[in-house]
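Student: Just passing along the structure, written as structure tokens.
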Amino acid sequence: GFFRKEDSKLIGSGGLYYKEKTASFEIGYNIMKACWHQGYTTEAANAMLTFAIQDLDAKRIYGRHAKENIYSGKVMEKLGLKFVKEGEFNSMDGTKQFVSREYVLELS
């Protein structure tokens with residue numbers, strides 16, 4: 001979970017997932033809409049990226065977002081990930097399909 005420093009309120013969540021098929025860590029994050037555009041997402045994602053590189057010896061980071069959510073793409077670009085292609089993904093409950101934008105950061 002992501003907790004805001006000034007009041008310890010839970011404002012989002014995120015994580016890293018190792019994908020053996022591509023030998024990469026996938027980064028993901030979610031922030032409450034009320035907390036958008038305040039730098040929290042970039043700060044949290046940067047902390048996860050730093051952990052992946054320093055503690056997990058990550059050589060490749062992968063990320064994706066729903067195409068219409070351009071701000072998640074801006075976060076990925078701030079972290080150094082580069083856009084590579086469009087793709088598709090399903091919602092967690094499998095009821096919706098989204099067009100995605102996919103990004104990669106090569107570290108080796």
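The values are calculated or read from the model by the stated rules, or taken from the named source; none is laboratory data. These figures come from a predicted structure and were not determined experimentally. Cβ placement follows ideal geometry from the backbone for every residue including glycine, while neighbour counts extend to all protein chains displayed. Ligands, DNA and RNA are excluded from the accessible area calculation, which covers all protein heavy atoms including side chains. Shrake-Rupley method; radii C 1.70, N 1.55, O 1.52, S 1.80 Å.
Student: Which one of these does E88 not meet: (1) of a type in the set (D, E, K, R); (2) more than 27 Å from E6 (Cβ to Cβ); (3) open to solvent by less than 100 Å² (accessible area, probe 1.4 Å)?
Tutor: (3)
Student: Could you tell me how many of the residues in the range 84-108 are under 13 Å from the mean Cα position of the chain (by Cα) and farther than 25 Å from D55 by Cα?
Tutor: 2
Student: Which residues, counting only those in the range 53-100, are aliphatic (A, V, I, L, M) and closer than 16 Å to E26 by Cα?
Tutor: Within the range 53-100, I53, L56, A58, I61, A66, V75, M76, L79, L81, V84, M92 qualify.
Student: Could you run through the range 18-52 and say how many residues are open to solvent by 70 Å² or more (accessible area, probe 1.4 Å), modelled with pLDDT of 95 or more and closer than 20 Å to V84 by Cβ?
Tutor: Of the residues in that region, 1 qualify.
Student: Additional query: Residues being touching a residue at least 24 places away in the same chain (Cβ under 8 Å) and under 13 Å from G12 (Cβ atoms): count how many of those fall in the range 28-69.
Tutor: 11
Student: For the range 63-107, give me the residue count where each residue is of a type in the set (A, V, I, L, M), part of a strand (DSSP E or B) and closer than 25 Å to A47 by Cα.
Tutor: Here the count works out to 4.
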